[in-house]
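Structure first, commentary second.
The values are calculated or read from the model by the stated rules, or taken from the named source; none is laboratory data. This structure is a prediction, so every number in the text was calculated from the model and none was measured. Virtual Cβ from ideal backbone geometry, glycine too; neighbours counted across all protein chains shown.
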Amino acid sequence: MKLILTQGDITKTTVDAIVNAANTSLLGGGGVDGAIHRAGGKAILEECVAIRNKQGGCAVGEAVITTAGNLPSKYVIHTVGPVWNGDKEKKKLLLASCYKNCLQLAEKYELKSIAFPNISTGIYHFPKNEAAKIAIETVKQFPVESIQEITFVCFDEENYKLYEQLL
Ligand code: AR6
């Protein structure tokens, strides 16, 4: 399995699945979530609504999969990162769960490539350094089968530099 680091807009990434840093409502929001829904079109929201109707949204640390609509990828895997407040140790475990559950869904769909944004490090204020360490450790430890490439797409310079150092 190959680990790749890029800087830019994840909606432009051509992989089997891009990951969205969503919220429990699955109905969209700001940051990367807003960018994905804007660029992907209404098909993504329609599937999110269907999932909501079936299971009532998505819990923190969990993940769900939808079409990628007009995006160049095939699927969007929506995960909900933890907000950085309260029990810090618990939040770290929840962030690791996000990465694990996304990878597990990618394996279930027998995907070969997946791209992650820096989950929770924007509006949810998770410390970028801690989040980067958790992301890298978690994907390295995951027992991949179908997955051949995992890309970290950093939007901001600070995250990009952190990942560059850690990788
Ligand atoms: N491509 C890649 N990364 C991006 C993009 C993009 N187009 N835009 C922003 N980022 P955030 P969170 C980076 O705030 O902290 C939403 O409202 C950004 O620089 O998108 O998990 C949801 O609905 C940062 O490093 O997600 C939730 O309510 C990273 O993506 C809430 O925000 C995550 O920042 C989730 O907060």
Inset, instruction - Among the residues of the range 7-28, count how many are among the small types (G, A, S) and either within 17 Å of N70 (Cα to Cα) or surrounded by fewer than 21 Cβ atoms within 10 Å (Cβ to Cβ) (or both). - result: 4
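Mind listing whichever residues of the range 129-155 are in a loop (DSSP other than H, G, I, E, B) and without any contact (Cβ under 8 Å) to a residue 12 or more places away in the chain?
Keep residues of the range 129-155 that are in a loop (DSSP other than H, G, I, E, B), which gives 142-148, 155.
Within the range 129-155, just P143 meets the criteria.
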Inset, instruction - Starting from the range 17-42, keep only residues that are touching a residue at least 60 places away in the same chain (Cβ under 8 Å) and farther than 20 Å from A59 by Cβ, then list their pairs with residues that are more than 6 Å from the ligand (Cβ to nearest atom) and assigned to a helix (DSSP H, G or I) whose Cβ atoms are within a distance under 9 Å, requiring at least 6 positions of separation or different chains. - result: I18/I36
Legend entry - Selected residue [at pLDDT 95 or above, over 22 Å from G31 (Cα atoms) and among the aromatic types (F, W, Y)] from Y75, Y109: Y109
Inset, instruction - Out of the residues in the range 20-53 that are among the hydrophobic types (A, V, I, L, M, F, W, C) and under 14 Å from I10 (Cβ atoms), state the one that is farthest from the ligand (Cβ to nearest atom). - result: I44
Legend entry - Residues of the range 107-134 classified as away from the ligand (no atom under 11 Å from the Cβ) and either out of contact with any strand residue (DSSP E or B) (no Cβ under 7 Å at 6 or more places or on another chain) or not polar (S, T, N, Q) (or both), total: 12
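Do we have T6 as within 11 Å of the ligand (Cβ to nearest atom), polar (S, T, N, Q) and more than 18 Å from Y163 (Cβ to Cβ) here? Before you say what the answer is, go through the steps one by one.
On the way: within 11 Å of the ligand (Cβ to nearest atom): yes; polar (S, T, N, Q): yes; more than 18 Å from Y163 (Cβ to Cβ): no.
In short, no.
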Inset, instruction - For the range 61-93, enumerate the residues that are touching a strand residue (DSSP E or B) at 6+ places or on another chain (Cβ under 9 Å) and either β-branched (V, I, T) or in a helix (DSSP H, G or I) (or both). - result: V64, I65, T66, T67, V76, I77, T79, V80
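What are the residues in the range 72-87 that are of a type outside the set (S, T, Y), within 16 Å of the ligand (Cβ to nearest atom) and either buried (at least 23 other Cβ atoms within 10 Å of the Cβ) or more than 12 Å from D16 (Cα to Cα) (or both), if any?
Across the range 72-87, the qualifying residues are V76, I77, H78, V80, G81, P82, V83, W84, N85, G86.
How about the range 21-60: which of its residues are within 20 Å of L95 (Cβ to Cβ) and part of a helix (DSSP H, G or I)? Working first, answer last.
Within the range 21-60, the subset within 20 Å of L95 (Cβ to Cβ) is 21-26, 29-33, 36, 57-60.
Scanning the range 21-60 gives G31, V32, D33, I36.
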Inset, instruction - Output the residues belonging to the range 111-128 that are among the hydroxyl-bearing types (S, T, Y) and not in a loop (DSSP other than H, G, I, E, B). - result: S113
